[in-house]
Amino acid sequence: MLTSCKHSNIVSLLGFCEEGGHMILVYEHAFNGSLDDYLGSEGSLTNLSWVQRIKIFIDIARGLNYLHTKIEGEQRITHRDIKSGNILLGENWEAKIADFGLSKFRHDGQQVNKTLFTQNLAGTELYLDPEYVKTGRLKNESDIYSFGVVLFEMIAGKFANDPIFTNENSNDIAHVARRRFKEGRNSIKKMVDPRLMEETHENIFTLNKGPDQDSLYAFSKIAYQCLAETQAERPTAEVIVKKLEELKHYLFKFHQLYLIRAYYHKSFAMVENIKDNLTISLEDIRLATNNFSDNNVIGRGGFGRIYKAEVIHANGRHTIAAKRLDTTGDQGETEFLAELEILLEYKHENVIGLVGYCKDRIEKIIGTEYASKGSLDVHLKDNDLTWMKRLEISIDIARGLDFLHGGGVTQEVVMHRDIKSSN
């Protein structure tokens, strides 16, 4: 199975050993363990945020979609044992589907959703598709049902066999989840992981607690559809990926909206308190740039002009690049706030560092560390830029991108969208 699978959300086989009676498969190491490590009262002390859980679900759905539709040639794979214990988490919290010992190949070049019939049922009881159990019909949608159980486990932060579910219904989490969804939002909210309900949104500068209610309901609807009692009613992995991506996009917009609201309601003081008072006064920047003199201009961008300035800030003297928003330029306040948010949250030696910012009724300025050698584009014809130095620069850029694309426990992946030598 694994020699046929090459996908970022499928665990990678590194090699195997079969000698002297020993049979060993060697996989990549899952740095952050398996998903079930984060469930139950005895789960890890690390709490997965709501945004991080959505990202993990998208990864699982992408892996399933690959198994069900995308493998080279005519072979497709039904996993048959999707459960939280078989979802591994990499160093950057990317999810990977593992344990293919019960999986089935389907040689179905004619029909992607061809049904397999088997009398030998396999899988883990509480995750098993009820139609598969009753009839022996094994389809991709059997994996989708199991995935639905995992989704509700992660909403609740509890295992499918937790007494909170089995005491309410002798069957399993699926029956409880379906009933609660039909009862409405308040009923679903009661089964949400208490750690999620205590989650504060410091990263979006609001004191609200818990996941956004609209996104929680939208997500639970997807999970509910996965748990449909008949295979024909369940969505495909491809549809699930699309819906979860839309939800992720909504959450990003929701994130931005709070930032913009905070700005317009003059509650940016929260940013200052949380981020160690990074504000720089307009007067200080005016003095440092000689009232934005042309002689201090070191570049231009979508925001407007960039000035070299030396300011006293945070108990020290700093040379900064002051990026001044020009409201008549290509980019407006939304882009300004988005860039400020990213620079506040993402710290890495290969991503430009934020020194401070100025927010005034008229002026909006971001102050970053000053790059004494300028930007890469001015050195492209430089004879002193040796081959080794070019390699080092390329590695630094790749490391910066890897950091932005990998994200963190509480951080979203960042797509830069304007990588070029001048940036």
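The values are calculated or read from the model by the stated rules, or taken from the named source; none is laboratory data. Only a predicted model underlies this, so the values are computations on that prediction, with no experimental measurement involved. Counting neighbours? That spans all protein chains shown, and the Cβs are built from the backbone with ideal geometry, glycine included. Note: areas computed on protein heavy atoms with side chains; ligands, DNA, RNA excluded. Shrake-Rupley method; radii C 1.70, N 1.55, O 1.52, S 1.80 Å.
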Just wondering, is there one or more residues in region 385-404 that are part of a loop (DSSP other than H, G, I, E, B) and out of contact with any Asp or Glu (no Cβ under 7 Å at 6 or more places or on another chain)? yes
Residue check: is Ala269 of a type in the set (Gly, Ala, Ser) and modelled with pLDDT of 85 or more? no
If you check Tyr357 against the conditions, is it in contact (Cβ under 8 Å) with a residue 40 or more places away in the chain and within 21 Å of Gly332 (Cα to Cα)? yes
Matching residues in region 78-102 (acidic (Asp, Glu) and open to solvent by less than 20 Å² (accessible area, probe 1.4 Å)) number 1
Could you list, in sequence order, the residues of region 134-163 that are open to solvent by 70 Å² or more (accessible area, probe 1.4 Å) and farther than 18 Å from Ser84 by Cα? Lys134, Arg137
Looking at (1) open to solvent by 10 Å² or more (accessible area, probe 1.4 Å); (2) modelled with pLDDT under 90; (3) not in a helix (DSSP H, G or I), which one does Ala228 not meet, given that it meets all the others? (2)
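Is it true that Leu45 is at pLDDT below 95 and part of a strand (DSSP E or B)? Working first, answer last.
On the way: at pLDDT below 95: yes; part of a strand (DSSP E or B): no.
So Leu45 does not fit the description; no.
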Glu412 passes all but one of the listed conditions (1) surrounded by 10 or more Cβ atoms within 10 Å (Cβ to Cβ); (2) under 30 Å from Thr279 (Cβ atoms); (3) at pLDDT 85 or above; the exception is number (3)
